[in-house]
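Presented below is the structure to which this report refers.
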Ligand code: DGJ
């Protein structure tokens, strides 16, 4: 039962659904405290309150003589600084007297059905107001006339609470926002381990698990994007938590720019977490009567381990974040020409690939980088989004028609946020690139970043894309972004506003994408940033799938896809079979394991189909047919991690249908081992009372989950794999 209740007598709020409870209290001095977040409690009787203790060196509330209550120790919902709390604050608002000291007190609250959208920012949504309830707590700093709106939305069908914060300047003087976290939460004395997803190009979302020590830990990106290096998702887990057991809290930021998660363990083992836009070099001038909106954070809780936490995110993002006609729709099997040809292609080459793709049952051809301007290498032409007529003699509109005539859809690559020094656009508008007047400009992949905070820059690129789409029939777009921001400065803004440029860029980008998907609702967009450098919930609001990594090596992909699956659904993870030796690792693996890894995502190929042997073509055709047959189970079934590539030589995961009548199990072993023990694999999530047929043998669901089954002992060699299909036996 979904409910948000306010108890006048105890001055507490209780947000709950069938799985979770979240409790906030109003303390003396109208301080908003945090009381509890976790497994559902039926009723809160009001007697669990933070103990009153006189702690040395912990000051009293401003204007109070009560020595036993201090902001320095009490668990809070949205702490500030300068009134006694010496921990890291959730906000930093610089005022006309030069200080950041505030004194926010609860002013009022509202409880209502549904979930408001966030102005200019991506956010989860509900279709029916009965699907969620929202609590707004308004805090007020009377001295400055500042108001904070803390928003909490609890969903009825998921253990998730979405939070965001809005600051409104109702005073008479401007203030400068230096930090406005989307959320803050204080946990009582609890031993936690921190789980986060870090990495680099071609090695995204590596799972790191570490004990939380006293002090402050910051996980962030200062790159102007969510980044390959640190994904905006973290977990706080009980040290004994496993995939199937134990308590874990997740925090997923719905934002694609520079972000910051701060985790502080204080001397009483209390843990504070704040998450939001990176406060480093952030500065937003807020004039009287203006408001600043933070992005959203999705908090989830599981007392049944990490798999259950991931399930709640997969369901939430599929159901309440992805929009448009591709929501819950099966995604096409594609062939992309990037690793097949790089920049070296013409129409004959492309059509030879398309002809083979047609025979294999592939559904979408994607023309990657190199079709526009004078783009023969990555040194030129970004910003000139008209076709390179020397390359495709028949023209792209005709190429698209040829591809459609063969029964495939046509997709194309763009990198709209970038500009090459060697481009018509740069020659006409050199000042459109992010740059600081008089300073040198840092190139990255020989390109600069366009200043998307500027309306005229966005409008020009938009118009070019529109002209293209209006001439060439396009079904899919891969939106790439191949460098991070440097020399962040916008020509149109005053020096004191420059700290807002990176965020204004994101707002401009979101506005651009919103307009584009509204104008072209039939185009399927896949976002990309040198692979998975911007794999985040913010992008998924506009583009329902993401190119997971430029690393297409099957073995490297085990870890990348495993880490990605902690929060992002399989339906969002682009995953392709490529050639051997692999272009990123030089590894040679079988087509079977390359297929089995890529099939655990949104499946496709990225190699020259026209140079394959007959045997390879036969095997690929079978892969495509198998994937199509099971695609709905893979993309939208329950994804369960069984064996972690971060813990050993083997990886296994499975997909279970909602009715538990069928399942697919993928097993991978990296290196062969002499005299290895027989591998017994235990499954999860099946119906214990059902009997399943697997490889012509019958197994009870309870047997498969408790006894397991043996992997074929004759499986030999490095990079081995086995795939199992289970169906209920009636
Ligand atoms: C980076 C992408 O991740 C690749 O897949 C490819 O599109 C290249 N950019 C093209 O420049």
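The values are calculated or read from the model by the stated rules, or taken from the named source; none is laboratory data. Note that the structure is predicted; figures quoted are calculated from it, not measured. With ideal geometry, Cβ positions are generated from the backbone for all residues, glycine too; neighbour counts draw on all protein chains shown.
If we keep just the residues of segment 536-571 that are part of a loop (DSSP other than H, G, I, E, B) and within 11 Å of the ligand (Cβ to nearest atom), which is farthest from the chain's Cα centre (by Cα)? The extreme case among them is 552. Answer yes or no: is there a residue in segment 407-426 that is closer than 30 Å to residue 626 by Cα, more than 16 Å from the ligand (Cβ to nearest atom), outside any strand (DSSP E or B) and modelled with pLDDT of 95 or more. Yes, there is a match, as at least one residue in segment 407-426 is closer than 30 Å to residue 626 by Cα, more than 16 Å from the ligand (Cβ to nearest atom), outside any strand (DSSP E or B) and modelled with pLDDT of 95 or more.
Checking each residue in segment 492-515 for being surrounded by fewer than 19 Cβ atoms within 10 Å (Cβ to Cβ) and more than 18 Å from residue 416 (Cβ to Cβ) picks out 492, 493, 494, 495, 496, 497, 498.
Regarding segment 146-162, can at least one residue be identified that is out of contact with any helix residue (DSSP H, G or I) (no Cβ under 8 Å at 6 or more places or on another chain), outside any loop (DSSP other than H, G, I, E, B) and within 30 Å of residue 484 (Cβ to Cβ)? I'd like the intermediate steps shown before the answer.
So the first thing to find is which residues in segment 146-162 are out of contact with any helix residue (DSSP H, G or I) (no Cβ under 8 Å at 6 or more places or on another chain), and the list is 146-154, 161-162.
Now restrict to residues that are outside any loop (DSSP other than H, G, I, E, B): 146-154, 161-162.
From what's left, within 30 Å of residue 484 (Cβ to Cβ): 162.
Yes, segment 146-162 has at least one match.
Do we have residue 434 as buried (at least 21 other Cβ atoms within 10 Å of the Cβ) and out of contact with any helix residue (DSSP H, G or I) (no Cβ under 7 Å at 6 or more places or on another chain) here? Before the answer, list the steps.
Working: buried (at least 21 other Cβ atoms within 10 Å of the Cβ): yes; out of contact with any helix residue (DSSP H, G or I) (no Cβ under 7 Å at 6 or more places or on another chain): yes.
So residue 434 fits the description; yes.
Is it fair to say residue 383 is within 16 Å of the ligand (Cβ to nearest atom), out of contact with any helix residue (DSSP H, G or I) (no Cβ under 7 Å at 6 or more places or on another chain) and closer than 21 Å to residue 461 by Cβ?
no
Being out of contact with any helix residue (DSSP H, G or I) (no Cβ under 8 Å at 6 or more places or on another chain) and within 16 Å of the ligand (Cβ to nearest atom) holds for only one residue in 334, 273, 286, and it is 334.
Only one entry in 374, 393, 401 is within 25 Å of residue 357 (Cα to Cα) and part of a loop (DSSP other than H, G, I, E, B), namely 393. Does residue 633 count as under 27 Å from residue 333 (Cβ atoms), assigned to a helix (DSSP H, G or I) and under 26 Å from the mean Cα position of the chain (by Cα)? Considered against the rule, which asks whether it is under 27 Å from residue 333 (Cβ atoms), assigned to a helix (DSSP H, G or I) and under 26 Å from the mean Cα position of the chain (by Cα), residue 633 comes out as yes.
If the condition is being closer than 14 Å to residue 597 by Cβ and surrounded by fewer than 20 Cβ atoms within 10 Å (Cβ to Cβ), then segment 644-664 contributes only 650. The set of residues from segment 104-139 being closer than 17 Å to residue 169 by Cα and in contact with a helix residue (DSSP H, G or I) (Cβ under 7 Å, 6 or more places away or on another chain) comprises 105, 106.
Among the residues of segment 173-186, are any closer than 27 Å to residue 282 by Cβ, without any contact (Cβ under 8 Å) to a residue 60 or more places away in the chain and in a strand (DSSP E or B)? There is no residue in segment 173-186 that is closer than 27 Å to residue 282 by Cβ, without any contact (Cβ under 8 Å) to a residue 60 or more places away in the chain and in a strand (DSSP E or B).
I need the strands (runs of 3 or more DSSP E) fully contained in segment 647-717, keeping only those with at least 1 residues that are touching a residue at least 60 places away in the same chain (Cβ under 8 Å), closer than 22 Å to residue 601 by Cα and in contact with a strand residue (DSSP E or B) (Cβ under 6 Å, 6 or more places away or on another chain). It would help to see each step written out before you state the result.
Working: elements: 650-656, 662-669, 691-694, 697-700.
Counting at least 1 such residues, we get 650-656, 662-669.
Does residue 603 fit the bill of being within 16 Å of the ligand (Cβ to nearest atom) and assigned to a strand (DSSP E or B)? For residue 603, the condition - within 16 Å of the ligand (Cβ to nearest atom) and assigned to a strand (DSSP E or B) - is met.
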